Amino acid sequence: MPGHDLFPDDPSIYELRTRAPGPAGALPLTEDLLRTAPSGDLFGLTQNVGMGWEPERANDRQFLILSTAGGLRAPDGKPIALGFHTGHWEISLQVEAAARELRALGATPFAAAVSDPCDGRSQGTAGMFDSLPYRNDAAIVLRRLIRSLPRRSGVLGVATCDKGLPAMMMALAGSPDLPCIIVPGGVTLPPSDGEDAGAVQTIGARFSRGLLSLKEASELGCRACASPGGGCQFLGTAATSQVVAEALGIALTHSALAPSGSAVWREIATRSARAVSHLAERGIRIRDILTPAAIRNAMTVHAAFGGSTNLLLHIPAIAHAAGLPRPAVQDWIAVNRATPRLVDVLPNGPQYHPTVRAYLAGGVPEVMLHLRALGLLDTSVLTATGKTLGENLDLWDKSARRERFRALLTERDGVAPDDVIMAPEQARARGLTGTLVFPTGNLAPQGSVIKATSISPDVVGADGVYRHTGSARVFTSEASAIAALREGKIQAGDVMVLAGIGPLGTGMEETYQITSALKALPFGKHVALLTDARFSGVSTGACVGHIGPEALAGGQLGKVRENDIISLMINRISMEGEVDFIGCDGRSFSPEEGAAILNQRATHPALAPHPDLPDDTRIWAALQQASGGTWGGCVYDTESILGALTKS
């Protein structure tokens, strides 16, 4: 920095004050307050007035609005400083709408934020090592902020995306004695002519294989986020988390997936402010809403939507934060076997509608009407409206809002709402199958997961079973796997084995670079992927993740060698699956014999935590492993951690 720029001589900088008169008026104190209130309560009133609040209102009921807002917008919406992603770019407008409503109701709103990262931005980078660990850290900070406003009467949580919204739900769930409501941050719009934000993340792989020109890639990448706010246009982790918040009953009816920046999106924030005030007046706390039945309802709605596999981590974490039993693998299996997929939204198909169409077709309550008719929901649960789920659905069924939004979908896009959210019979006729299968086998003794509904139908047998046997191509880093794809070293029939990138290796990074490339490449549907990592919610194909135990914890996946023969069987009818090592060195053998051979093998010599893994993430990995690991939701369980420390 040049010397003359270090201390420029600008006369205006000396125009400052050393005293100010302070706010006019007087605090609404009483003798009782002065004698009995903590000094913090009294000083809080001084702070309120110091920030410009009217003295006579300084002691009104207090409500906290937490958000994951990021970036700095000018009044006209243009960026002064960018956020990390569109999902948190506009939600300060929802915070403002809620705050203005709370003020109008005679309350004092407070606002605070813990911004969140973008999984799309960090794909394929060391930034992904912090993605899942961020969730736990953010939930802790959000809870600390809640407790740091001692006189709060309730909390609104405004959030949108993959880790910020689950963190917000964990934070509110961990505040059981307060009225709390989630305000979903909505979705971005698809381009009129272009690709969605999931497909556009494959432009590098497609260009490398000669499937796109530089001009095409540049233009598609420019248009994909067609409006400035909201989560991506597909049913990835962001959109699925919004759906789950509403299904849990902690967000208002028909609040998930609204187009960001729209009038209805702002109105959702306004109504949520009224609702949290109403809950406070009635003494309804979030512990009255988050129950085991609410968790089961959320799992059921997740299955009916065909939601992201990442919610297998987040729903148990929300349950844990609420002090409820965490759903186990068998609970997920039971729900997914019982629940038909009813929603046709990206990335699952068959028509691949964007999420805004799901909102217009009726969103979560529309799906719930079908599930109620099937007897799959507990409609007696209490919700954020102060009414039961059954009462909410009755009101939705007869509402003019439902009729008008569904008509709008046909008017604007020429799409029938019942082609986006289907009755069970229609869904079955269209070939929609159950969402998640949880394969076991000698490579996944603790279990694994695959979004079976997203396997390409033309590689599934007439009996509804996907069968694949192929040679293992073993990788111990995502970078080496994506390089092999781009260089043409992966062929149809291969089984890509990506080991050592679970929590202990990379913080359980997402592998969307790989799954999206496979989807984009002509032969990709004929390649299977096995990993102890996780997937983006927009991932599709024969991709098996969350394989446990993870390789660096001694799991069998870490013992697979190049050219081993692997077999996969995924039954989309019975919702069962197997992933087995069945041959090597020219020999074939049974899964049982394969298990015995694996037990005698050493782990792959290249297996090691990523050299750039941050110490923060190493600590997270150890703590979550002591707390139940991946299938326990990657949480911090205090008693388990303290017990482990005591034993050591």
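The set of residues from region 380-402 being over 25 Å from ALA173 (Cβ atoms), surrounded by 13 or more Cβ atoms within 10 Å (Cβ to Cβ) and of a type outside the set (S, T, N, Q) comprises ASP394, LEU395, ASP397, ARG401, ARG402.
Residues in region 416-431 that are open to solvent by 20 Å² or more (accessible area, probe 1.4 Å) and outside any helix (DSSP H, G or I): ALA416, ALA423, ARG430, GLY431. If the condition is being under 25 Å from the mean Cα position of the chain (by Cα) and either open to solvent by 80 Å² or more (accessible area, probe 1.4 Å) or within 15 Å of GLY524 (Cα to Cα) (or both), then region 206-221 contributes no residue at all.
In the set (1) over 21 Å from the mean Cα position of the chain (by Cα); (2) farther than 27 Å from ARG341 by Cβ, GLY577 fails one condition alone, (2).
Filtering region 287-314 to residues that are polar (S, T, N, Q) and in contact with a Leu (Cβ under 6 Å, 6 or more places away or on another chain) leaves ASN297, THR300.
For the residues ALA602, ALA644, ALA595, ALA626, the requirement of being hydrophobic (A, V, I, L, M, F, W, C) and within 24 Å of the chain's Cα centre (by Cα) singles out ALA626. Of the helices (runs of 4 or more DSSP H) lying entirely inside region 222-339, not one carries at least 3 residues that are touching a Pro at 6+ places or on another chain (Cβ under 6 Å) and surrounded by fewer than 18 Cβ atoms within 10 Å (Cβ to Cβ). Here SER153 fits the description: part of a strand (DSSP E or B) and open to solvent by 30 Å² or more (accessible area, probe 1.4 Å).
Of the residues that make up region 357-364, is at least one surrounded by 24 or more Cβ atoms within 10 Å (Cβ to Cβ), of a type in the set (Gly, Ala, Ser) and in a loop (DSSP other than H, G, I, E, B)? Looking for residues that are surrounded by 24 or more Cβ atoms within 10 Å (Cβ to Cβ), of a type in the set (Gly, Ala, Ser) and in a loop (DSSP other than H, G, I, E, B), one finds at least one in region 357-364, hence yes. Checked against the criterion of being of a type in the set (Lys, Arg), in the same structural domain as VAL264 (by the TED database) and in contact (Cβ under 8 Å) with a residue 60 or more places away in the chain, region 350-365 contains one or more residues that satisfy it.
Residues satisfying the criterion are present in region 50-64 (criterion: open to solvent by 50 Å² or more (accessible area, probe 1.4 Å) and in contact (Cβ under 8 Å) with a residue 60 or more places away in the chain). When ASP32, ASP41 are checked against the criterion of being modelled with pLDDT of 95 or more, under 28 Å from GLY283 (Cβ atoms) and surrounded by fewer than 10 Cβ atoms within 10 Å (Cβ to Cβ), a single residue qualifies: ASP32. The residues of region 29-52 that are in a loop (DSSP other than H, G, I, E, B) and under 44 Å from the mean Cα position of the chain (by Cα), listed by number, are ALA37, PRO38, MET51, GLY52. Within region 586-626, the set of residues being touching a Phe, Trp or Tyr at 6+ places or on another chain (Cβ under 8 Å), part of a loop (DSSP other than H, G, I, E, B) and surrounded by 14 or more Cβ atoms within 10 Å (Cβ to Cβ) comprises HIS610, LEU613, PRO614. Name the single residue, out of those in region 532-566 being basic (Lys, Arg) and in contact with a strand residue (DSSP E or B) (Cβ under 7 Å, 6 or more places away or on another chain), that is modelled with the lowest pLDDT. The extreme case among them is ARG534.
The values are calculated or read from the model by the stated rules, or taken from the named source; none is laboratory data. Note that the structure is predicted; figures quoted are calculated from it, not measured. Glycine also receives a Cβ, built like all others from the backbone with ideal geometry; neighbour counts cover every protein chain displayed. Side chains are part of the model used for accessible areas, which takes the heavy atoms of the whole protein and leaves out ligands, DNA and RNA. Shrake-Rupley method; radii C 1.70, N 1.55, O 1.52, S 1.80 Å.
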